[in-house]
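Scroll down for the structure; my scribbles are underneath it.
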Amino acid sequence: MAALYTLWMGLVLPGVLGVLQTAAEAQVSLQPNFQQDKFLGRWFTSGLASNSSWFREKKAALTMCTSVFAPTGSGGGLNLTTTFLRKDQCETRSLLLQPEGPPGCYSYTSPHWGSTQEVRVVETDYEDYALLYTSGTRDQDFHLATLYSRTQTPRAEVKDKFSVFAKAQGFTEDIIVFLPKPDKCMEGNQ
């Protein structure tokens, strides 16, 4: 279970493992005219794809979690608070996302690895879905695609859009996962 917790800290909050620009990352765009104020609020982590060996080993045990993006007050940063199910208990973790370059691009320091991660808001309509891309390095180049949804049941079109996005980043069908809803940790502010 410690490994599962570490996986959540590394992958869902919302990415992992250092910054190293690769050819694949260089091709990942940002949401044009990103509007952070419209992006704020509650999202559900509905889909993931990653090249991480941990992700490959634990993907079947992962469940949807709730993520709340809130302004930090100054400097354009975001507080990301994620609540997830671990050992039949709801756990909450927070990260500070610092603006890094153009609007929609952020970085944070991984609490587990101590390295800097880059998170990019690639596409969002602000009301239904958001596609994010996280990249970095630790033992290997790391890449993560995340589907956030404003509802616990993303539409089929949104899931298809995520699959196309993830495949465009080099992920194969077998590592694209749509997360099931857990019995806990999804209501209210959680």
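Computed values, structure above
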| read-out | value |
| --- | --- |
| Per-region count, region 150-159, residues of a type outside the set (Asp, Glu) and outside any loop (DSSP other than H, G, I, E, B) | 3 |
| In region 71-93, the residues that are in contact with a strand residue (DSSP E or B) (Cβ under 7 Å, 6 or more places away or on another chain) and either aliphatic (A, V, I, L, M) or part of a strand (DSSP E or B) (or both) | Pro71, Leu78, Asn79, Leu80, Thr81, Thr82, Thr83, Phe84, Cys90, Glu91, Thr92, Arg93 |
| Qualifying residue in region 124-135 (condition: more than 21 Å from Lys159 (Cβ to Cβ) and either of a type outside the set (Gly, Ala, Ser) or in a strand (DSSP E or B) (or both)) | yes |
| Matching residues, region 54-79, being of a type in the set (S, T, N, Q) and under 20 Å from Asp174 (Cβ atoms) | Thr63 |
| Count of region 160-187 residues which are open to solvent by 50 Å² or more (accessible area, probe 1.4 Å) and either in a loop (DSSP other than H, G, I, E, B) or in contact with an Asp or Glu (Cβ under 6 Å, 6 or more places away or on another chain) (or both) | 7 |
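Yes/no per residue for (1) in a loop (DSSP other than H, G, I, E, B); (2) open to solvent by 20 Å² or more (accessible area, probe 1.4 Å):
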residue: Asn33; (1), (2): yes, yes
residue: Phe44; (1), (2): no, no
residue: Lys59; (1), (2): no, yes
residue: Thr66; (1), (2): no, no
residue: Phe69; (1), (2): no, no
residue: Gln98; (1), (2): no, yes
residue: Ser107; (1), (2): no, no
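The values are calculated or read from the model by the stated rules, or taken from the named source; none is laboratory data. If you're wondering where the values come from, they're calculated on a predicted model, not measured in any experiment. Positions of Cβ are backbone-derived with ideal geometry, glycine not excepted, and every protein chain shown enters the neighbour counts. The accessibility values were calculated without ligands, DNA or RNA, using every heavy atom of the protein model including side chains. Shrake-Rupley method; radii C 1.70, N 1.55, O 1.52, S 1.80 Å.
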